[in-house]
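The values are calculated or read from the model by the stated rules, or taken from the named source; none is laboratory data. Predicted model, so just to flag it, every value in this text is computed and none were measured. Positions of Cβ are generated from backbone atoms using ideal geometry, with glycine treated the same way; all protein chains shown enter the neighbour counts. The area values use the complete protein model at the heavy-atom level, side chains included, leaving out ligands, DNA and RNA. Shrake-Rupley method; radii C 1.70, N 1.55, O 1.52, S 1.80 Å.
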Amino acid sequence: MSITARRRPADHGWFTSSRSNNGNQCVEVRFEGDAVQIRDSKFRRNPMNHGLDEPIITVPATVWTAFLDCLLARRPHPALTTEHAADGSTTLRHAATALHFTPAEWEAFVAGVRDDEFACV
């Protein structure tokens, strides 16, 4: 059975948790068919990154759904890994791509996961 990634309610484009600080710096997600893309909004706001390729993690919706389940259960996921630093920041990794989030960004994302804002249907 295929899972099509679609935000509830149906939306288009990148979105963040309703718990994020006005979308200034946050985990951003976009559903594209059967894939889910994740990026860090800070990348585009940093002038030093002008002209660089933006790091984006893309995974199948089934991997995303399993990752969200693992996150809520506080279990590691084999493909989307999280590393928590002593300062409270979190790095999300998939293959060679890593996204770095501040404690507030990650907390807002996890709160959105708890509120079912990132579910695939």
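What nm distance separates the two modelled labels at residue 49 and residue 73, each placed 7 Å from Cα along Cα→Cβ?
According to this spin-label approximation, the distance is 3.2 nm.
Before rounding to the nearest 500, sum -39500 (n - 2.57) across all DSSP H runs of length at least 4 in the chain and divide by the residue total; then give [θ] at 222 nm in deg cm²/dmol.
Calculated at 222 nm, the ellipticity per residue is -7500 deg cm²/dmol.
Can you quote the Å³ per residue value for the convex hull of the Cα atoms in the chain, rounded to an integer?
116 Å³
Carbon-plus-sulfur fraction of the accessible area of the chain, 1.4 Å probe, in percent?
51 percent
Any chance you could run the full-extension gain for residue 14 through residue 83? It's 0.36 nm times the residue separation minus the Cα-Cα distance, nm to one decimal.
Gain on stretching residue 14 to residue 83: 22.5 nm.
Probe of 1.4 angstrom, ligands and nucleic acids ignored: what's the accessible area per residue over the chain, in square angstrom?
57 Å²
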